[in-house]
Structures are given as C-alpha cells and as structure tokens.
1. Over region 10-135, calculate the relative contact order: mean separation of alpha carbon pairs under 8 Å at least 6 apart, over the residue count, as a percent.
2. Quick one: net charge of residue 122's neighbours, Cβ under 13 Å, K/R +1, D/E -1?
3. Just the number, please: percent antiparallel of the DSSP beta bridges in the chain, rounded to the nearest 5.
4. What whole number of Å gives the distance from the Cα centroid of region 89-130 to the Cα centroid of region 1-47?
5. Any idea of the accessible area per residue across the chain, 1.4 Å probe, to the nearest Å²?
6. Go ahead and estimate [θ] at 222 nm for the chain from helices alone: -39,500 (n - 2.57) per DSSP H run with n ≥ 4, summed, over the residue count, rounded to 500.
7. What percentage of the solvent-accessible surface of region 24-136, computed with a 1.4 Å probe over protein heavy atoms, is contributed by carbon and sulfur atoms?
8. At a Cα cut-off below 19 Å, give the lysines reachable from residue 96, other chains included and same-chain residues fewer than 8 away excluded.
Amino acid sequence: MTTPIRRGTRIAHFGVAVHALSDVLPFYRDVLDLPMVPLADADGARIAGLAAGDSLVELLEPAVAESPIAKFVDKRGPGIHHICFAVDDLDGTLAKAKAAGVELIDETPRIGAEGKRIAFLHPKSTGGVLIELSEY
Ligand code: ZN
C-alpha cells in the first residue's frame, strides 16, 4: 500500500437542491459566469455542474420521485443540500470518522457523479450539514 500524497482537505463542491435546473442555472452560469462541467446523473438527480475555481457547484434536480433530492425539495424547499470535501485518504478519513462516533450514511465508498469514490456522513454528526467525502 502506498502512502497517500498529502494535498490537504479542500472543498470539492457543494450541492444545491432545486425544483428545476432551469430555475437557477442562468444565475450561476450567466450572472456568476461559471463554466459548465458535464456530470453524470446520480442518486435519482439530474446534475448541472459549474466550475468555481477548483471547486464545483452542483445543481441537483429531482429526476426520480422519492429520490433523496425529491424528498429534500418537497420537505424543505430549494437550498444547500450538501458540502463535499475532497480528502487525501478517503478510506482513512472514513475509518477516523467511524472511530470518532460519526454516523456514516455510506459505510464503504461508492462511485459519485464525478466518477470518483465518495461516501456521505450523517448531518446529525456534523452540525446539521450533510457532508460528502470524496477522493481527489
Ligand atoms: Zn455531491
């Protein structure tokens, strides 16, 4: 096993839940002038990605009824859905979180919208914010 290169935890993206991408895409794309980045749909959401420097904004539109994004928008309306941190060592950070008593939504990493390994942590352990961890 190789030692991960230390690059430091950074904000990879934040996800914004919306009723429809067309509601807010013009603001992020045309007003803030963020270039679009193609992303795959994931977890029952259509995703529009926009680059803000090295980080992304992900607009998340429900594509499937009863998907996590559909439930979120129905219950709470549009708004910030989650923040994703890219970490040097995803498996090590997950193990550390578990050891610290953080409730994990994903016990083992899975593939996210950017094609990278990701895992979610429960907001009840993180100050009410749904946190996604991603490998670089
Ligand atoms: Zn995400």
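1. Relative contact order of region 10-135: 26 percent.
2. On the way: positive: 98, 124; negative: 103, 106, 107, 132.
Net charge in that neighbourhood comes out at -2.
3. On the way: 25 of 35 bridges.
Just about 70 percent of them are antiparallel.
4. Cα centres, region 1-47 to region 89-130: 18 Å.
5. Working: 7640 Å² over 136 residues.
With the other protein chains kept in place, the chain gives 56 Å² per residue.
6. Values: 3 runs with 25 residues, N = 136.
Taken over the chain, the calculation gives -5000 deg cm²/dmol.
7. On the way: 3320 of 5930 Å².
That fraction is 56 percent.
8. 124
The values are calculated or read from the model by the stated rules, or taken from the named source; none is laboratory data. Everything numeric in this text was worked out from a predicted model, so none of it was measured. Don't worry about glycine lacking a Cβ; one is built from the backbone with ideal geometry, like all the others, and counts go over all protein chains shown. Calculation scope for accessible area: heavy atoms of the full protein, side chains included, ligands and nucleic acids excluded. Shrake-Rupley method; radii C 1.70, N 1.55, O 1.52, S 1.80 Å.
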